[in-house]
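Quick notes on the structure that follows.
Every number here is computed from the coordinates shown, using simple stated rules; none is lab data. On a predicted model such as this, the values are computed, not experimentally measured, just so you know. When we count neighbours, we look across all protein chains shown, and the Cβ atoms used for this are built from the backbone with ideal geometry, even at glycine.
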Amino acid sequence: MKSGSELQYANLDIIFHHISDLIFQIRVIDVHHYEIEAVNEAYLASYETSKEAIYGRRIEDFLGVDQGIQAIRRFQEAIIRKKTIQFEEGYSFPKQGYKLFDITLVPLVEDGTVSRLIGIAKDITEKRMNEEHLAQSEKLSIVGQLAAGIAHELRNPLTSLKGFLKLIQFKNTDRDIDRYVQVMDSEFHRIEQIIDEFLILAKPTKINFNYNRIDLILDEVIELLNGQANMKAIILTKEYHSSLPEIYCESNQLKQVFINLIKNAMDAIGEEGRNYDLSPRI
């Protein structure tokens, strides 16, 4: 029958090996050299290794030179301060790739010197990613609000200009002037389309999947980007297959993809280029 102290140690061992955080114990040889003395099951699973393969190994031999030096610097900090330190740091794993951890490092002091270090590493990769996504969503929300304000400010003078243009068109009898008026009316209409497209793309909207004609989506994108292309002396040409099928998609998001692709292509052409041939092969 086990004594109370033996049961206590057995329970601690169960907790040590079954906790999901990575726990490790390091033996301090000197300020530059450290050996792995113990790790829990979560640590072994993350590195896909065994106790026999890891115990007694130098930290730089196991983690590799770069990550070993990274760990040693933290060990040295804890030894110099002789206090628990907490920090965030990333490490790469064989199959899981790069992960970010919230690490607590506890120095064990014996006779005035640090003989061992105990570390607890909590995986916060997903937490940080969620925080970044939230921050990005908040930024997009602000952009949407600014876009709505800008569109409102642009539409007010545009409405006045269109009204005066209609008045000129009503009173004008000169055919040459009438031609100019028609061109102006067409450009005003294009400005309105650009404002509408800008609002759709900038302001977060409800995702709505439907069957859409990709050629019509591309037509709208090209109409939106023609002004930028003209300023760079680039001609956007279209060549669609005669039997393009409808595709199930979120049209606004797909529109943003095409905008990014065409803008990147226009930037890549440079000053000497003059043509971008848009020929989807679907």
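Quickly rank 169-175, 211-217, 101-107, 183-189 as a protection proxy: mean count of other C-beta atoms within 10 Å, highest first.
Working: 169-175: 9.0, 211-217: 14.6, 101-107: 19.1, 183-189: 12.1.
Packing proxy ranking, top to bottom: 101-107, 211-217, 183-189, 169-175.
For the pair Thr84 and Gln253, how long in nm is the line joining their label points, each one 7 Å along Cα→Cβ?
Calculated label separation equals 4.4 nm.
So which trypsin sites (Lys or Arg not before Pro) in the range 25-76 end up in coil per DSSP with only 12 or fewer other C-beta atoms within 10 Å?
Values: sites: Arg27, Lys51, Arg57, Arg58, Arg73, Arg74; in loops: Arg57.
Listed in order of number, the matching sites amount to none.
At 0.36 nm per residue, and after removing the present C-alpha to C-alpha distance, how many nm does the segment from Ala38 to Ile168 gain when stretched out fully?
38.1 nm
List the pairs from Lys51/Lys127; Lys238/Lys263; Lys99/Lys127 whose alpha-carbon separation is above 21 Å, in the order I gave them. Spell out each step's value before the answer.
Working: Lys51/Lys127 30 Å; Lys238/Lys263 15 Å; Lys99/Lys127 11 Å.
Checking Cα-Cα distances, Lys51/Lys127 exceed 21 Å.
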